[in-house]
Amino acid sequence: DVKVTQSSRYLVKRTGEKVFLECVQDMDHENMFWYRQDPGLGLRLIYFSYDVKMKEKGDIPEGYSVSREKKERFSLILESASTNQTSMYLCASKRETEAFFGQGTRLTVV
Amino acid sequence: AQKVTQAQTEISVVEKEDVTLDCVYETRDTTYYLFWYKQPPSGELVFLIRRNSFDEQNEISGRYSWNFQKSTSSFNFTITASQVVDSAVYFCALSDGSSASKIIFGSGTRLSIRP
């Protein structure tokens, strides 16, 4: 079975902190994605990566950056967390057309 | 630009009723893929189905069925004889034909099945 693992299920951080959300997949997929999910807005793409050290902005990249140093790991970085980044964050990996999702990280910024 | 619209924000039905979740999409690509995902209260998205743009045949899997109509750009999902365990948020999604493409999601429909 494909497994996508996000490092934390719940996270509480203070405004201004630098936050790292980690995602690891075990199926050698080239493509990895970070989405945020908010009520009524569905899943919105923040960043994606189609290869090691490659990244592309999604629809809402402002306030975020990413890192992909190894194929299996894709990190989402909040440089200076703000309260409007309180959300559910979902990581996915994809080969061909099917995507597999992690369990999500619910981040609260206080 | 690609877009997915799920006009139904929330649906509530009594157990054993049939329910249809609507999905309308927009794309200029001739090759594309449509998906449905289920998100139970646990939070993880569960893949239900993938359909490519060249296959308009309807699909049935147990109590689940999908109706893909290119003429109306719709990909609707029907649950027959609904059960409480079907309660979840359901997302319709779209991607183009390349392996590196992103997946665009609709806003989701929250389905509640009352006993």
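The values are calculated or read from the model by the stated rules, or taken from the named source; none is laboratory data. From a predicted model like this one, the values you see are computed outputs, not experimental measurements. No Cβ is skipped: glycine too gets one built from the backbone with ideal geometry, and neighbour counts run over all protein chains shown. The accessibility values were calculated without ligands, DNA or RNA, using every heavy atom of the protein model including side chains. Shrake-Rupley method; radii C 1.70, N 1.55, O 1.52, S 1.80 Å.
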Would you say residue A:24 is within 13 Å of residue A:92 (Cα to Cα) and surrounded by 13 or more Cβ atoms within 10 Å (Cβ to Cβ)? yes
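So which residues in the range A:60-83 are outside any strand (DSSP E or B) and touching a residue at least 24 places away in the same chain (Cβ under 8 Å)? Step through it out loud before you land on a result.
First pass over the range A:60-83, keeping only residues outside any strand (DSSP E or B): A:60-63, A:71-72, A:79-83.
Listed by number, the residues that qualify are A:60, A:71, A:72, A:79, A:80, A:81, A:82, A:83.
Take the conditions surrounded by 13 or more Cβ atoms within 10 Å (Cβ to Cβ) and either away from chain B (no Cβ under 11 Å) or at pLDDT below 95 (or both) and apply them to residue A:53. Does it pass?
Working: surrounded by 13 or more Cβ atoms within 10 Å (Cβ to Cβ): no; either away from chain B (no Cβ under 11 Å) or at pLDDT below 95 (or both): yes.
The answer is no for residue A:53.
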Only residues that are touching a residue at least 60 places away in the same chain (Cβ under 8 Å), of a type outside the set (Asp, Glu) and at the interface with another protein chain (Cβ under 8 Å from one of its Cβ atoms): list them for the range A:17-50, please. A:31, A:33
Residues (under 26 Å from residue B:79 (Cβ atoms) and either of a type in the set (Val, Ile, Thr) or open to solvent by 60 Å² or more (accessible area, probe 1.4 Å) (or both)) located in the range B:23-32: B:24, B:26, B:27
